[in-house]
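Structure first, commentary second.
No value in this document is a laboratory result; all are computed from the given coordinates. These figures come from a predicted structure and were not determined experimentally. Cβ sites come from the backbone with ideal geometry, for glycine too, and all protein chains shown count toward neighbours.
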């Protein structure tokens with residue numbers, strides 16, 4: 001059973017050289033892989049699951065910042081090795097998808113809050129969960145801008 005999800009057919013096609021390298025590292029050449037695909041669906045699925053998890057795990061390890069935006073809700077996350085940091089904004093009057101951090105009048109109509117927590121699952125599983133809930137990967141600039149607005 002996969003830890004994250006199976007890669008799509010398109011993703012596997014794009015990663016074909018890496019998958020061939022994975023198979024080779026596990027003692028499986030092209031002839032043996034063809035035989036496995038034809039005769040042992042369980043072993044084939046096991047290799048696809050392991051490879052998928054390896055690829056996704058490596059990708060998740062590189063993610064440090066996520067954002068989530070709706071008109072009345074803005075959340076930014078920073079993930080370090082030991083814990084996640086969160087800054088949230090809520091407003092019923094300001095469209096947070098179009099937030100202007102320089103507009104002081106706008107900021108007065110917004111509730112700001114922050115939190116941090118140790119990971120209850122692995123760091124990567126928590127990042128994966130938030131991605132599945134609609135967060136998008138970011139560079140972290142908004143996180144640091146917002147952090148300046150909230151007193152320590």
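Against the chain, whose longest principal axis comes from its Cα atoms, helix 123-132 is set at around 80 degrees.
Would the range 9-61 count as rounded, prolate or oblate if I go by the C-alpha gyration tensor, calling it rounded below 1.5 in a/c and otherwise prolate when a/b exceeds b/c, oblate otherwise? Here the range 9-61 falls in the prolate category.
Counting only alpha carbon atoms, the long axis of helix 41-61 and the longest principal axis of the chain meet at about 30°.
Each pair of Cα atoms in the chain enters the Kirkwood radius, and Stokes-Einstein at 25 °C and 0.890 mPa s then converts it into a translational diffusion coefficient of 135 µm²/s. Contact order, relative form, for the chain: 22 percent (alpha carbon pairs under 8 Å, 6 or more residues apart, mean separation divided by residue count). Each of the peptides 135-141, 74-80, 29-35 was scored by the mean count of other Cβ atoms within 10 Å over its residues; in descending order, highest first, they stand as 74-80, 135-141, 29-35. With respect to the chain, whose longest principal axis is taken over its alpha-carbon atoms, helix 16-25 is tilted by about 60°.
For the range 65-149, the relative contact order is 34 percent, taking Cα pairs closer than 8 Å that sit 6 or more residues apart in sequence and dividing their mean separation by the residue count.
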